[in-house]
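Encoded as structure tokens, the structure appears first; notes follow it.
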Amino acid sequence: MRWLRVVLVLGGVGLAAVGVGGLLTHWTASLWFLPLWLAGAVFLHDGVLVPMTFGVGGALWRVTSGLAPSARQCVVAGVWLTALMTVLAIPLILRRGVVANATVLPSNYLIDLLWTLGVIAVVTAIATLVRIRRAPRKRGTDS
Amino acid sequence: MSSITALRRIVDTARNHRLSPFREGAFAQRIHHPRVATVIGRALAVCLVWCFLTGLYSHFQQDPASWMSFPTRPVWLYRVTQGSHVVSGMAAIPLVLAKLWTVYPRLFSWPIVRNPVHMIERGSIAVFVAATLLQLFMGFFNTIKWYVWPFSFRHTHYWMSWIIVGSLLIHIAVKLPLIHEHWRAARETEARTSGWSRRGFLATVSIATAAVVMTSAGQSFTPLGRVAVLAPRRPGVGPQGLPINRTAKAARIDPAAVSTDWRLEVDGPKPLRLSLSDLNAMPQTEVELPIACVEGWSQNARWGGVRIRTLLDRAGARRGDGARVTSLQRAGSYSESELPSEYAWDDDTLLALRLNGSVLHIDHGYPARIIAPGRPGVLQTKWVRGLEVRR
């Protein structure tokens, strides 16, 4: 395993060097913004998005405290799936009609999103109900 | 002395305060576990490496080194490589979010830096995470043609991919013992408690990834076209039932230049000057070939026209010669393309005059366009003005 690790590190440094070298040799003034965008990506993810998920996740966990653990996970999973599909659809909704090419973003992505969220809600509800019925009827063990 | 005491107090608070993420036990251990990180991490690694390889293929198709030559069969090769490039990039979005969420507590490991090697390791992870997040964001936004960043998409996306795969290898090397230990699930069953189970978390991530793939793959995998709610293109939507990337208007095509006095100039040992009716009088070939865009969408279509090899033959070119294609297009960086000999002499490479049975729509390149098997859409030059034989 030691040799494999050495090879991986050397290969990794080599590949990364190709990328850094390429950026430096094809440098343009606008690339000065790249470090800023990289730092911004980390900040938005680590400093905003993840803390938000901990906050929302904690709240959801308390709200669903009456449910069996497996049913509880279903509800929270449904909420996360809703959030993910919404976040991914928002750029398409905002961008629709802006590009002067009728074959780019040809659909009504807001309606599509609402249908998607409807399907997620129904599937989540069914899965949750199934889990509630299957769960042993025992209360007071949840934290 | 007092400043040292004050510093110690600050550090102590950071380490032990009830609300501090640096506190021991600040995060639930079960799903922020190396086993979860290993399972999600290896799926993510597959996506990233696949993106890198298919991306390289696409890059060298457009910018080949002189010694490179490309296969012309299967004709759907580029359709698959580039379609899966975009789909695996989309799949990487929920995977990277779940992976980073799982290892988020590591961000607050204590001490923050143990030694120089540890510092380099953390630095490499910072580069890896930053570049991957930005790369996926830029790739996604490129598919909807939304360029919100000030630098060039293509250059940055290309060079960053090397940095990402390089730092991925370093990351795997650092974590190898941990990956090895958690490659298979531990034998002991999970203790039943009320929190998230590992199985439940992994199932959620799998479902989320499957949902993103299902709803975005339809722009290149036609059977899923009806549920392609996250795909910027829909199969069948466009003039003559086919999407387009650059309209005639965007390319600033002059309608006068494509009128009846348009002539195809073939520059070779025996130069040719052919009108549209001359071309229509030549032997015609019909082929079914996909148009496959660098932005991931693709669709099959029936093309009719004259084989490029017939034109090159008549112009006195020798087998093995390539061709440069010039266009009437006045805007955009693809007003010229190279047709290396393997494509130029292929039986399926046409100067297309018809699409799906009717004369080319102006947005599809009327009066004539190139269609070759297994090439990126940007190289299927539209509004062709001439061909130059290249030795």
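Just so you know, all these numbers are worked out from the coordinates, no wet-lab data involved. Bear in mind the structure is a predicted one, so any value in this text is a computation, not a measurement. Positions of Cβ are generated from backbone atoms using ideal geometry, with glycine treated the same way; all protein chains shown enter the neighbour counts.
About the centre of its Cα atoms, the stretch A:49-143 shows a dipole size close to 520 debye [charges on the beta carbon of Lys, Arg (+1) and Asp, Glu (-1) only; nearest 20 debye]. Here the peptides B:77-83, B:103-109, B:92-98 are ranked by packing, the mean other Cβ count within 10 Å, and the order with the highest first is B:92-98, B:77-83, B:103-109.
Rounded to whole numbers, the Karplus 3J(HN,Hα) couplings from phi for the stretch B:59-74 are 4, 6, 4, 7, 9, x, 6, 4, 7, 7, 9, 10, x, 9, 10, x Hz, using 6.51 cos²θ - 1.76 cosθ + 1.60 with θ = phi - 60°, and x at Gly and Pro. Distance from the alpha carbon centroid of the stretch B:149-221 to that of the stretch B:239-294 works out to 44 angstrom.
Ordered by the count of other Cβ atoms within 10 Å of each Cβ, fewest first, B:VAL384, B:VAL213, A:VAL87 give A:VAL87, B:VAL213, B:VAL384. Using Cβ point charges alone (K and R +1, D and E -1), the dipole size of chain B about the Cα centre works out to roughly 1180 debye.
Largest GNM mean-square fluctuation among B:PRO150, B:PRO74, B:PRO34, using chain B with Cα springs under 10 Å: B:PRO150. Remark: the stretch B:134-140, residue by residue, has Karplus-estimated 3J(HN,Hα) of 5, 4, 5, 4, 5, x, 4 Hz, where x stands for each Gly or Pro and the curve is 6.51 cos²θ - 1.76 cosθ + 1.60 at θ = phi - 60°. Over chain B, the hull volume per residue, using the convex hull of the C-alpha atoms, is 185 Å³.
Report the percentage of all Cα-Cα pairs in the stretch B:1-52 whose separation exceeds 18 Å, rounded to a whole percent. Summing the P(r) of the stretch B:1-52 above 18 Å gives 59 percent of all pairs. For chain B, modelled as a GNM whose springs connect Cα atoms under 10 angstrom apart, the maximal fluctuation among B:GLY195, B:GLY166, B:GLY241 occurs at B:GLY195. Averaged over peptide A:25-36, the number of partner chain Cβ atoms lying within 10 Å of each residue's Cβ comes to 4. Take every Cα pair under 8 Å whose residues are at least 6 apart in sequence, average their separation, divide by the length of chain B, and the relative contact order is 18 percent. Taking a straight Cα-Cα cut-off under 28 Å and skipping sequence neighbours fewer than 8 places away in the same chain, the lysines within cross-link reach of B:LYS145 are B:LYS99, B:LYS249, B:LYS382. By the compact-protein rule of thumb, 2.2 N^0.38 Å, the alpha-carbon radius of gyration of chain A corresponds to a ratio of 1.60. Of all DSSP bridge pairs formed entirely within the protein assembly as shown, close to 90 percent run antiparallel. Think of chain B as a dipole: +1 on every Lys or Arg Cβ, -1 on every Asp or Glu Cβ, centred on the Cα centre; then among B:ILE10, B:PHE22, B:HIS182, B:ILE10 lies furthest on the positive end. Normalising the Debye intensity of the protein assembly as shown to I(0), with uniform scatterers on Cα atoms only, and taking log10 at q = 0.06, 0.08 Å⁻¹ returns -0.37, -0.63. Neighbouring Cβ atoms from other chains, within 10 Å of the Cβ of residues in B:97-104, number 3 on average. Highest average first, the peptides B:340-353, A:109-122, B:167-180 ordered by how many other beta carbon atoms sit within 10 Å of their residues are B:340-353, B:167-180, A:109-122.
Pair-distance distribution of the stretch A:67-136: all C-alpha pairs, bin width 10 Å, starting at 0; shares per bin in whole percent are 20, 37, 22, 14, 6, 1. Name the most mobile residue of B:THR54, B:THR204, B:THR13, meaning the one with the largest mean-square fluctuation, in a Gaussian network model of chain B with Cα contacts below 10 Å. Maximum among the listed residues: B:THR13. Along the positive direction of the dipole of chain B (beta-carbon charges: Lys, Arg +1; Asp, Glu -1; about the Cα centre), which of B:ALA344, B:VAL49, B:PHE70 reaches farthest? So the residue furthest toward the plus end is B:VAL49. Over chain B, dividing the summed -39,500 (n - 2.57) contributions of all DSSP H runs of at least 4 residues by the number of residues returns a 222 nm mean residue ellipticity of -14500 deg cm²/dmol. Mean separation of Cα pairs under 8 Å and 6 or more residues apart, divided by the residue count, gives the stretch B:238-391 a relative contact order of 29 percent. Using the Cα gyration tensor of the stretch B:281-391, with a ≥ b ≥ c the square roots of its eigenvalues, what is the shape: rounded (a/c below 1.5), prolate (a/b larger than b/c) or oblate (neither)? Since a/c stays below 1.5, the shape of the stretch B:281-391 is classed as rounded. Listed from fewest to most Cβ neighbours within 10 Å, the set B:ARG15, A:ARG131, B:ARG307 follows the order B:ARG15, A:ARG131, B:ARG307. Take each residue of peptide A:5-11, count the partner chain Cβ atoms within 10 Å of its Cβ, and average: the result is 5. Here's how it looks for B:TRP196: its modeled amide H is under 5 Å from none belonging to a residue 5 or more places away or on a different chain. Here the Karplus curve 6.51 cos²θ - 1.76 cosθ + 1.60, taken at θ = phi - 60°, turns the phi angles of the stretch B:109-118 into couplings of 5, 10, x, 4, 10, 8, 7, x, 4, 4 Hz, with x standing for Gly and Pro.
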